[in-house]
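Okay, so here's the structure we're looking at.
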């Protein structure tokens, strides 16, 4: 039976030893309550909930899935009760404003809880996850009235929320959406249309569901500039229990995340209310999408961590063959497979991505705090840096998360393919993360096209300056040289390639697309390289000072070495392919792909 | 509804234009009947069967799976009838000897049929696939009596076969197996033990199932030198219908290939007969394993081809966003997604692996013919070359097949995650290929440890000489220079690295393991580079001569360019990582992987 243990030691290392979270919270208004003791207590409670309540439901969710019964959706056994406990524990309100019933704790603290909850049971975590998205949207764009009516109920967890964007003929290209909103005399709207892929669109966990829906006003301009945002509750608050023309038409049969209900939602003259300005819905949505993308980046980390934990247990336990250097356990009929270099490589790859990904996400979470709470230059810088790092975190971490989940499965050999071990579920569940909230390809265009090239490289410089400063400060640190030297080279190369691709793109826009995914992955390896070097630095300092658990710090340094020698060199291929030009992709005629 | 169309044009290109199959058959004794007309007619019939009968059952098989009912196994709807048609069409007997009812056609011709059958419906193809393995084992090691009794029934397709190796506590490490064989006075044996992961172990398609079982004699030495091979039929031929103590205990619930029954098989004093010499079972088994590995390599090609075909249709059909260079279809609400460079990259990656993989497999299939039918030096060379190429074909093609299946899914965006499109089934079905018949890691140790280093590099030289000759012959061909130049460099580098790794391995055996998977993948990219260059050469010659369909040949050249500019550079990372040494994998203490 697979298990999840919250990696509190590592989480604390990143929070306290690498990212100085105490100082971060002290420097921001409104974070005073997030003292180290408070953070620690919340993490421990969150860990218990994730380990004891959610983790045992992970396989149940996969096996039972959700069932549709004449419009109603029944979630897997135990999901509803777990949600009740979650609400009773006050978890939904953690990082929301006190005036709407929240606990007013920083967003970054919420992300710690999301990590544990999501790693224990990703499908389950999506129910509160979608609520969180709806809450952020209401918080940013709703009227005071809307907040009092809807946000308070979402914050308390009594109701849940969704985001309704996709339609059968448009996912990425929201400009084509057709759902209509007819204005009514009372200021409300009648919403009609069909939305697909609506996660948590219908279920049995809460009394009401608040749908945030993208639709078109009758006089709206075509394309993305004619989209507005609406609140469309399953039941209108004034007539709870009555039908509001919102129904779940069916559930999708899908590869994974079976425990989460992926709904076709039909809106049939449903009453809704405009949020934010008319025809500016997509802009409002982007607020949400950025947090959702960071939330999905977390999924990459989740599946890497989960795969690592469970394949590590197996690698130590499974006896098969002897070590290449001779029997390691002559007392046993065979050696545990962890003696084999290639098994270790798969374990270390998962570990490097999980722990490196953790550092990147916690770092981004601090930027989210700053964007929300800091002011002036500090806020602007955090905003720009977050905009740069978000597509990298989302696409890169989900790609390597899927890779990691597959390594976890592979370590089990044939048993990895068998459902009971849970490794194949981890692979299936992780596969969606590269698709939703913008595919890897869309994130790559966002990064290279919109973020980097449209700012003439300023967006990239925001990060490479930080990397440069770090390298410069450590330039005399001989113990760190094996990490600093390749980072210095990479940092220069990163700028050079960006310039070259930018020049080519001025001649031919396809050059952006042709370089984009390789560029994003290159950037991801570079960013994680920075965090691994920072972690190695902290570990070396602790070792030198004789502080704490030497084995823990030594393992950090070993893993950093592994990352720099075995993972970072992947940039050597990407640097070639991303500069190979658009011609090798574009010159084949559409009708000549197959004969 | 996903579909499969046999790529006859491309199959013929590889067979006739690249590999000169006519000449190959003419040069071998016993292949006289395989004339071009005969080959072509068989391919066309095979294509019809695969497209019309098997392809429509592929999704059915996934959705229904197999069901276990008190020891009996019911295959998905239509599977049994399709098998009946397969038998009536004489397909099981194609590549088997005429004296046992076969058609005496070459093994390489059988592989063409396996490709089409397997790509249309991999799960179904495994039933005759396992029979084929049992037949080859009986053919090579059975007595005349055993052949007359069992082989004839397998050749006719009346019965099917299995290979029973794995036990719960041992898969890779067969030396630990416990199944017992007690000699009886009549020369037979009583077989007792439990085998797992037995593909096609029980089903409703045939009257009898011939299990080829690995077991231990009472006085057998420990480990791999004490394993013998037995025929254990479900029903004894003399008492058909009566129980022989062979039963299916349960079916595995697994990630994919749901249409194939993966059985736990219990042998309870079942009557069996020794095949081959006592205690030499594993040696006999290797005969089978090599063909099984080539059969699994085919699975990599199958999922790449299937993913390519179906994602190509979608990429041309799905309208979403505009081309980066401006609207390509202003008459439509959006452009088909094939206009996007990154979509094309995913299509071309699948195409390059499918078509390149086809060339590699057909080449290996000719070697199989030569090992079987040629003599003296020609046979010995073919044998050595096949031994070198088999782990590469198995592991490399299944790894890139899985990658390709994932690209196919990715092109569908969110829809790729939904069952009805079939793309996620293709991913799930493909995942097993890197596990069974020896994982990628085991193939890599076989290649680098057993094949290359144990022959002091002779095994590698067998291939690099061929590559060298080809490059030398084309050294003045300016049109081919873009392919020849990198191959020449790669060929030298390949030898150099092998030497370096070999030197390090003399100090520390773990260096072999630490380099092995990267070495195998490097070798795979190099081998496919050779075949892409050969295909480009043929295409250029045809274009120059104005022969045939120019668009087809131009597409070949474009795809070769794509391969050399976008795929082959992956070796640039591998060359670094495989030389980074064992220390970064081995130095972390087992107990310090997690805290």
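Just to be sure before I move on: is residue A:172 surrounded by fewer than 23 Cβ atoms within 10 Å (Cβ to Cβ), out of contact with any strand residue (DSSP E or B) (no Cβ under 8 Å at 6 or more places or on another chain) and away from chain B (no Cβ under 14 Å) in the structure I sent? Walk me through it before giving the result.
Working: surrounded by fewer than 23 Cβ atoms within 10 Å (Cβ to Cβ): yes; out of contact with any strand residue (DSSP E or B) (no Cβ under 8 Å at 6 or more places or on another chain): yes; away from chain B (no Cβ under 14 Å): no.
In short, no.
For residue A:520, are the conditions met, namely being under 22 Å from residue A:395 (Cα atoms), touching a residue at least 60 places away in the same chain (Cβ under 8 Å) and in contact with a helix residue (DSSP H, G or I) (Cβ under 8 Å, 6 or more places away or on another chain)?
Criteria met by residue A:520.
Taking the criterion of being away from chain B (no Cβ under 14 Å) and either in contact with a helix residue (DSSP H, G or I) (Cβ under 9 Å, 6 or more places away or on another chain) or at negative phi (or both), would at least one residue in the stretch A:248-258 satisfy it?
Of all residues in the stretch A:248-258, those away from chain B (no Cβ under 14 Å) come to A:248-249.
Those left that are additionally either in contact with a helix residue (DSSP H, G or I) (Cβ under 9 Å, 6 or more places away or on another chain) or at negative phi (or both): A:248-249.
Among the residues of the stretch A:248-258, at least one is away from chain B (no Cβ under 14 Å) and either in contact with a helix residue (DSSP H, G or I) (Cβ under 9 Å, 6 or more places away or on another chain) or at negative phi (or both), which makes the answer yes.
Being more than 30 Å from residue A:1 (Cβ to Cβ), within 22 Å of the chain's Cα centre (by Cα) and surrounded by fewer than 23 Cβ atoms within 10 Å (Cβ to Cβ) narrows it down to one residue among A:138, A:57, A:105; which is it?
Working: A:138 fails: surrounded by fewer than 23 Cβ atoms within 10 Å (Cβ to Cβ); A:57 fails: more than 30 Å from residue A:1 (Cβ to Cβ).
Result: A:105 is the single residue among A:138, A:57, A:105 that is more than 30 Å from residue A:1 (Cβ to Cβ), within 22 Å of the chain's Cα centre (by Cα) and surrounded by fewer than 23 Cβ atoms within 10 Å (Cβ to Cβ).
Yes or no: residue B:172 under 29 Å from residue B:445 (Cα atoms), in a loop (DSSP other than H, G, I, E, B) and touching a residue at least 60 places away in the same chain (Cβ under 8 Å)?
Values: under 29 Å from residue B:445 (Cα atoms): yes; in a loop (DSSP other than H, G, I, E, B): yes; touching a residue at least 60 places away in the same chain (Cβ under 8 Å): yes.
Spelling it out, residue B:172 is indeed under 29 Å from residue B:445 (Cα atoms), in a loop (DSSP other than H, G, I, E, B) and touching a residue at least 60 places away in the same chain (Cβ under 8 Å).
If you check residue B:510 against the conditions, is it touching a helix residue (DSSP H, G or I) at 6+ places or on another chain (Cβ under 6 Å), within 14 Å of another protein chain (Cβ to nearest Cβ) and either modelled with pLDDT of 95 or more or surrounded by fewer than 17 Cβ atoms within 10 Å (Cβ to Cβ) (or both)?
Working: touching a helix residue (DSSP H, G or I) at 6+ places or on another chain (Cβ under 6 Å): yes; within 14 Å of another protein chain (Cβ to nearest Cβ): yes; either modelled with pLDDT of 95 or more or surrounded by fewer than 17 Cβ atoms within 10 Å (Cβ to Cβ) (or both): yes.
Against the criterion (touching a helix residue (DSSP H, G or I) at 6+ places or on another chain (Cβ under 6 Å), within 14 Å of another protein chain (Cβ to nearest Cβ) and either modelled with pLDDT of 95 or more or surrounded by fewer than 17 Cβ atoms within 10 Å (Cβ to Cβ) (or both)), residue B:510 qualifies.
Kindly establish whether residue A:259 is in contact (Cβ under 8 Å) with a residue 12 or more places away in the chain and over 25 Å from the mean Cα position of the chain (by Cα).
On the way: in contact (Cβ under 8 Å) with a residue 12 or more places away in the chain: yes; over 25 Å from the mean Cα position of the chain (by Cα): no.
Taking the combined requirement at face value, the residue does not satisfy it.
Select the helices (runs of 4 or more DSSP H) contained entirely in the stretch A:523-595, then report the ones holding at least 3 residues which are at the interface with another protein chain (Cβ under 10 Å from one of its Cβ atoms) and within 29 Å of the chain's Cα centre (by Cα). Before you say what the answer is, go through the steps one by one.
Working: elements: A:550-562, A:571-577, A:583-586.
Output list reads A:550-562, A:571-577.
Quick check: anything in the stretch A:386-400 within 17 Å of residue A:342 (Cβ to Cβ), more than 8 Å from chain B (Cβ to nearest Cβ), surrounded by fewer than 24 Cβ atoms within 10 Å (Cβ to Cβ) and out of contact with any strand residue (DSSP E or B) (no Cβ under 8 Å at 6 or more places or on another chain)? Working first, answer last.
To start, the set of residues in the stretch A:386-400 that are within 17 Å of residue A:342 (Cβ to Cβ) comprises none.
Checking the stretch A:386-400: not a single residue is within 17 Å of residue A:342 (Cβ to Cβ), more than 8 Å from chain B (Cβ to nearest Cβ), surrounded by fewer than 24 Cβ atoms within 10 Å (Cβ to Cβ) and out of contact with any strand residue (DSSP E or B) (no Cβ under 8 Å at 6 or more places or on another chain).
Part of a loop (DSSP other than H, G, I, E, B), surrounded by 15 or more Cβ atoms within 10 Å (Cβ to Cβ) and within 14 Å of chain A (Cβ to nearest Cβ) - does that describe any residue in the stretch B:209-224?
No, the conditions are met nowhere in the stretch B:209-224.
Which of (1) without any contact (Cβ under 8 Å) to a residue 24 or more places away in the chain; (2) farther than 30 Å from residue A:337 by Cβ is the odd one out, the single condition residue A:416 does not satisfy?
Of the numbered conditions (1) without any contact (Cβ under 8 Å) to a residue 24 or more places away in the chain; (2) farther than 30 Å from residue A:337 by Cβ, the odd one out for residue A:416 is (2).
Would you pick out the residues in the stretch A:416-438 that are more than 8 Å from every other protein chain (Cβ to nearest Cβ) and either at positive phi or surrounded by fewer than 24 Cβ atoms within 10 Å (Cβ to Cβ) (or both)? If you could, list the steps in order and put the result at the bottom.
Going residue by residue through the stretch A:416-438, those that are more than 8 Å from every other protein chain (Cβ to nearest Cβ) are A:421-423, A:425-426, A:429-430, A:433, A:437-438.
Once the filter is applied, which keeps residues that are more than 8 Å from every other protein chain (Cβ to nearest Cβ) and either at positive phi or surrounded by fewer than 24 Cβ atoms within 10 Å (Cβ to Cβ) (or both), the stretch A:416-438 yields A:421, A:422, A:437, A:438.
Consider the stretch A:199-208. How many of its residues are surrounded by 24 or more Cβ atoms within 10 Å (Cβ to Cβ) and either outside any loop (DSSP other than H, G, I, E, B) or modelled with pLDDT under 95 (or both)?
Within the stretch A:199-208, residues that are surrounded by 24 or more Cβ atoms within 10 Å (Cβ to Cβ) and either outside any loop (DSSP other than H, G, I, E, B) or modelled with pLDDT under 95 (or both) number 0.
Would you mind stating whether residue B:308 is under 23 Å from residue B:533 (Cα atoms), at the interface with another protein chain (Cβ under 9 Å from one of its Cβ atoms) and crowded, with 22+ Cβ neighbours inside 10 Å? Spell out how you get there, then give the answer.
Numbers: under 23 Å from residue B:533 (Cα atoms): yes; at the interface with another protein chain (Cβ under 9 Å from one of its Cβ atoms): yes; crowded, with 22+ Cβ neighbours inside 10 Å: yes.
Spelling it out, residue B:308 is indeed under 23 Å from residue B:533 (Cα atoms), at the interface with another protein chain (Cβ under 9 Å from one of its Cβ atoms) and crowded, with 22+ Cβ neighbours inside 10 Å.
Considering only residues that are out of contact with any helix residue (DSSP H, G or I) (no Cβ under 6 Å at 6 or more places or on another chain) and part of a helix (DSSP H, G or I), look in the stretch B:362-377 and name the one that is nearest to residue B:406 (Cα to Cα).
Among them, the one singled out is B:363.
Any residue in the stretch B:458-478 that is without any contact (Cβ under 8 Å) to a residue 40 or more places away in the chain, within 20 Å of the chain's Cα centre (by Cα) and crowded, with 18+ Cβ neighbours inside 10 Å?
Scanning the stretch B:458-478, I find no residue that is without any contact (Cβ under 8 Å) to a residue 40 or more places away in the chain, within 20 Å of the chain's Cα centre (by Cα) and crowded, with 18+ Cβ neighbours inside 10 Å, so the answer is no.
Would you check if residue A:370 is touching a residue at least 24 places away in the same chain (Cβ under 8 Å), closer than 23 Å to residue A:446 by Cα and over 15 Å from the mean Cα position of the chain (by Cα)?
Working: touching a residue at least 24 places away in the same chain (Cβ under 8 Å): yes; closer than 23 Å to residue A:446 by Cα: yes; over 15 Å from the mean Cα position of the chain (by Cα): yes.
Yes.
Based on what the data block shows, is residue B:355 more than 9 Å from every other protein chain (Cβ to nearest Cβ) and either closer than 29 Å to residue B:402 by Cα or in a helix (DSSP H, G or I) (or both)? Spell out how you get there, then give the answer.
On the way: more than 9 Å from every other protein chain (Cβ to nearest Cβ): yes; either closer than 29 Å to residue B:402 by Cα or in a helix (DSSP H, G or I) (or both): yes.
Spelling it out, residue B:355 is indeed more than 9 Å from every other protein chain (Cβ to nearest Cβ) and either closer than 29 Å to residue B:402 by Cα or in a helix (DSSP H, G or I) (or both).
The conditions are (1) within 12 Å of chain B (Cβ to nearest Cβ); (2) in contact with a helix residue (DSSP H, G or I) (Cβ under 8 Å, 6 or more places away or on another chain); (3) closer than 30 Å to residue A:200 by Cβ, and residue A:348 fails exactly one of them. Which is it?
For residue A:348, the exception is condition (3).
The values are calculated or read from the model by the stated rules, or taken from the named source; none is laboratory data. Keep in mind that what you see is a predicted model, and the values were worked out from it rather than measured. Positions of Cβ are backbone-derived with ideal geometry, glycine not excepted, and every protein chain shown enters the neighbour counts.
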